[in-house]
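Scroll down for the structure; my scribbles are underneath it.
The values are calculated or read from the model by the stated rules, or taken from the named source; none is laboratory data. The model shown is predicted, which means the values in this text are computed figures rather than measured ones. Every residue, glycine as well, gets a Cβ built from its backbone with ideal geometry; the counts of neighbours run over all protein chains shown. Each accessible area value is taken on the protein alone, full model and side chains, heavy atoms only, with ligands, DNA and RNA left out. Shrake-Rupley method; radii C 1.70, N 1.55, O 1.52, S 1.80 Å.
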Amino acid sequence: LPSNTGAGYVIRRILRRAVRYYYSYLDYKQPLLHQLVFVLAAQFENVFPELKAQEGFVAKVVKEEEEAFLRTLEKGLKRIDDMIASANGGVIEGKAAFELFDTYGFPIDLTRLIASENKLSIDENGFEVALNEQKER
């Protein structure tokens, strides 16, 4: 199951990356991946019989993850566009990247990816300082 730790976090990151691509590059704004579960479960029934046995549950979990991240993505992408426009010297402020992470739930790895796609970097030290300050609070 997608989670914030361990293997679940890897699953969550993969799902979020896929959602970001269909949202940004296919301009598809509704959950999409959960619809593929039934096709994949049928195609791989002999290899992963547990997927076929729980396809309804898996589709529900994937859809919930997609819906939650689509809300996060919509808000975060608007904010990151502002950050890109105001980046000084090709660097996004660490404090701004942290705000995106903390306030909007926007994953830092996605912020790094989008910054890189725009030939920018993130002030990683500034991000870590803001993160540590928040942890201390």
The stretch 6-22: number of residues that are hydroxyl-bearing (Ser, Thr, Tyr) and either surrounded by 15 or more Cβ atoms within 10 Å (Cβ to Cβ) or over 20 Å from residue 71 (Cα atoms) (or both): 1
Within the stretch 81-101, considering residues that are over 20 Å from residue 131 (Cα atoms) and either of a type outside the set (Gly, Ala, Ser) or touching a strand residue (DSSP E or B) at 6+ places or on another chain (Cβ under 7 Å) (or both), the one most open to solvent (accessible area, probe 1.4 Å): 88
Count - residues of the stretch 70-103 that are within 18 Å of residue 25 (Cβ to Cβ) and not in a helix (DSSP H, G or I): 0
Residue match in the stretch 65-75 (condition: in contact (Cβ under 8 Å) with a residue 40 or more places away in the chain, within 21 Å of residue 114 (Cα to Cα) and aliphatic (A, V, I, L, M)): yes
Pick from the stretch 104-137, criterion part of a helix (DSSP H, G or I) and closer than 19 Å to residue 3 by Cα, ranking: least open to solvent (accessible area, probe 1.4 Å): 110
Matching residues, the stretch 23-62, being touching a residue at least 40 places away in the same chain (Cβ under 8 Å) and either surrounded by fewer than 13 Cβ atoms within 10 Å (Cβ to Cβ) or polar (S, T, N, Q) (or both): 24, 29, 30
Qualifying positions in the stretch 6-22 - closer than 21 Å to residue 81 by Cα and either touching a Ser or Thr at 6+ places or on another chain (Cβ under 6 Å) or free of Cβ contacts under 8 Å to residues at least 12 places away in the same chain (or both): 21, 22
